Structures are given as C-alpha cells and as structure tokens.
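Below you'll find the structure, written out as structure tokens, and then a few comments.
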Amino acid sequence: MAFLLIHLHGKRADSLSNQMRQTKAMAPKYAVKWWKARNLKPPKIQPVEFLKRKIRWRYARGIPKSRAGKAYLGDSTSVLASLKGKLTGRGLRRPSLLLTSPPYFGITNYHYDQWLRLWLLGGPPTDHRRSNPYNGKNRGKFANRETYQHLLTTVFQRASKLLKPDGVVYVRTDRREPTLAMTKLALRAAFPKHRLQRVNRPIEGNTQTKLFGNGDPRKGEVDLVLARQKPRRLTRGWPTLEAARRFWVAHPCELCKGGAGFR
Ligand SMILES: C[S@@+](CC[C@H](N)C(=O)[O-])C[C@H]1O[C@@H](n2cnc3c(N)ncnc32)[C@H](O)[C@@H]1O
C-alpha cells in the first residue's frame with residue numbers, strides 16, 4: 001500500500017498518473033484543464049511491472065535492520081499524553097531520538113492537498129472540504145497563531161517527558177516566519193537544557209512544484225537540531241594564559257566590555 005500511495009501521482013511516466021506533483025494532488029477540474037491545455041495524456045503503464053521496479057529500487061541496498069518498533073496513529077497531543085508513564089508496561093524503552101516535521105504555519109491543508117491518497121485509503125472521491133468527513137481541529141491550514149503555538153508547545157512538552165534526558169531532537173521545518181520563531185520558542189521551552197543548532201536545507205535543482213508555476217514551498221527549509229550541552233569547566237584547569245584570554249574573548253563580561261580584561 002505504501003508503494004501505491006507514494007507513486008499514485010507524480011511525474012508522468014514515473015508514477016501511476018498523468019503529470020502531477022508528487023507532494024500534492026491537484027483538484028480534479030484544475031488537473032484536467034491543465035492537462036488539456038498541454039495536450040498531456042495519461043501514460044500507458046504496466047502497473048505490476050512498474051511497482052516491482054520501484055520495490056526493487058527501494059530495497060536494492062537491503063531491508064533496514066530495525067528492532068521491533070510500534071507505530072501509533074492519531075493526534076500527537078493525545079497519543080503522547082497517553083504514553084506517559086506507560087512505556088515499560090508496553091514493552092517500550094525511552095527513545096533517544098525525536099525526529100519530526102510539524103506542520104508549517106499557514107502553508108498547507110494536508111487533508112485537502114492529499115485528497116487523492118486519502119481516497120485510496122477509503123476517503124471520499126472528492127477534494128471538497130465541506131463534504132470531507134476528515135475535517136477537524138488540526139486539519140486546516142494551521143493559520144491561527146495562538147492555536148499553532150499551543151499545538152507546538154504541547155506536542156514538544158509531551159515528547160520531552162518521554163525522551164531520554166540526553167536524547168537528540170531533530171526537527172525539519174520552514175525557514176520562513178512565523179513558523180521558525182514559533183517552533184524555536186516551543187523547542188526551547190520544552191528542552192531548556194539542550195543546545196539548539198540550525199542547519200539550512202536549500203533544495204537545489206528544479207522541482208515538480210516549480211513546473212506548476214508556484215514558488216517551491218520547500219525552498220526555505222531548515223533543520224533545528226537540539227542536543228544536551230556538555231558541562232563546561234569554566235574556572236579550573238586553565239593550562240595557559242592564552243586559554244584564559246580566548247575564554248574572555250568568547251565570553252565577554254560586563255567588566256571586560258568596559259575595557260578591562262583580555263582583548
Ligand atoms: C510538515 S508535514 C510532515 C510530513 C512528514 N514528514 C511525512 O513525510 O509524512 C506535517 C504533518 O503533520 C501532520 N499533523 C498535523 N497536526 C498533527 C497532530 N496534531 N498530530 C499528528 N500529526 C499531525 C499533518 O497531517 C502532516 O502530515
């Protein structure tokens with residue numbers, strides 16, 4: 001099913017659809033108009049051969065060796081709360097990595113943009129939001145600042161209670177504001193003893209989204225990585241005056257700002 005869902009739509013002749021983005025499904029009327037204007041016809045594909053090729057490629061380097069894991073489907077605010085204190089009872093160990101990508105503020109309605117994949121999973125054959133029974137509080141465009149901040153803060157707080165104290169947090173998010181500032185705020189509140197590092201992740205080359213004339217929403221992605229700080233020895237064991245000088249330069253205090261100390 002995962003292979004069907006991934007390749008359900010995407011590049012023409014490299015997916016099961018006519019030309020479409022892989023990340024988002026276009027609305028039916030829009031898609032047909034777009035294909036007609038470009039005289040694009042659905043490709044002729046042998047679905048079994050096509051999927052076999054994709055499966056062979058995916059597992060060409062073997063199947064990941066992972067210990068038995070568990071997947072929980074649901075709203076992370078409630079799923080994480082329900083796991084608190086019950087990890088060992090469920091045969092689970094405290095995780096050492098939190099890897100996630102929360103929704104980006106005001107960019108995507110994940111249910112609207114994934115209507116075709118949701119249909120394959122048993123949803124209605126329509127992109128209409130009103131007739132979609134999957135509507136719910138976390139299923140809009142995440143465009144209300146208060147609700148968005150509350151969602152991020154709650155989820156990271158609850159995840160922090162499950163993670164090992166020296167666990168690593170890895171978050172892929174939008175480089176644009178207000179997503180970035182709000183995500184940092186929630187992460188710092190939930191992991192006050194961790195140090196936050198930012199790694200920019202620009203996407204190079206043409207993307208499917210560019211082909212459809214839109215700006216690429218992934219252009220501005222960023223990774224926020226948090227790890228516990230190693231305790232620093234600040235006062236003992238400075239071997240040389242040079243080491244002391246470097247420390248003062250890196251950590252200027254009120255006195256040295258006034259001209260005293262090492263410069
Ligand atoms: C930026 S996307 C990340 C997608 C993910 N990396 C993937 O490859 O499927 C954010 C995802 O969070 C989901 N989401 C939003 N609110 C949620 C919640 N309260 N609990 C669980 N998932 C949620 C959205 O439906 C969306 O699939």
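The values are calculated or read from the model by the stated rules, or taken from the named source; none is laboratory data. The structure presented is a predicted model; accordingly, all values stated were derived computationally and were not measured. Note: ideal-geometry Cβ built from the backbone for every residue, glycine included; neighbour counts use all protein chains shown.
Listed values, structure above:
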| read-out | value |
| --- | --- |
| Selection count where residues are free of Cβ contacts under 8 Å to residues at least 40 places away in the same chain and either within 12 Å of the ligand (Cβ to nearest atom) or in contact with a helix residue (DSSP H, G or I) (Cβ under 9 Å, 6 or more places away or on another chain) (or both), scope segment 72-93 | 8 |
| Members of segment 142-152 found to be of a type in the set (Phe, Trp, Tyr) and either at pLDDT 95 or above or part of a helix (DSSP H, G or I) (or both), listed by number | TYR148 |
| Scan of segment 59-71 for residues that are of a type in the set (D, E, K, R) and either within 16 Å of the ligand (Cβ to nearest atom) or at pLDDT 90 or above (or both), ordered by number | ARG61, LYS70 |
| Residues that are free of Cβ contacts under 8 Å to residues at least 12 places away in the same chain and not in a helix (DSSP H, G or I), drawn from segment 39-52 | ASN39, LYS44, GLN46 |
| Counted residues, segment 60-93 - those being closer than 30 Å to MET26 by Cα and either among the polar types (S, T, N, Q) or part of a helix (DSSP H, G or I) (or both) | 2 |
| Residue satisfying all of: in segment 94-111; away from the ligand (no atom under 11 Å from the Cβ) and not in a strand (DSSP E or B); surrounded by the most Cβ atoms within 10 Å (Cβ to Cβ) among these | GLY106 |
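Yes or no, residue by residue, for (1) over 20 Å from SER82 (Cα atoms); (2) of a type outside the set (Ser, Thr, Tyr); (3) at pLDDT below 95; (4) within 13 Å of the ligand (Cβ to nearest atom):
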site: GLN114; (1), (2), (3), (4): yes, yes, yes, yes
site: PRO125; (1), (2), (3), (4): yes, yes, yes, no
site: ASN132; (1), (2), (3), (4): yes, yes, yes, no
site: GLY140; (1), (2), (3), (4): yes, yes, yes, yes
site: THR154; (1), (2), (3), (4): no, no, no, yes
site: ARG158; (1), (2), (3), (4): no, yes, no, yes
site: LYS161; (1), (2), (3), (4): no, yes, yes, no
site: ALA181; (1), (2), (3), (4): yes, yes, no, no
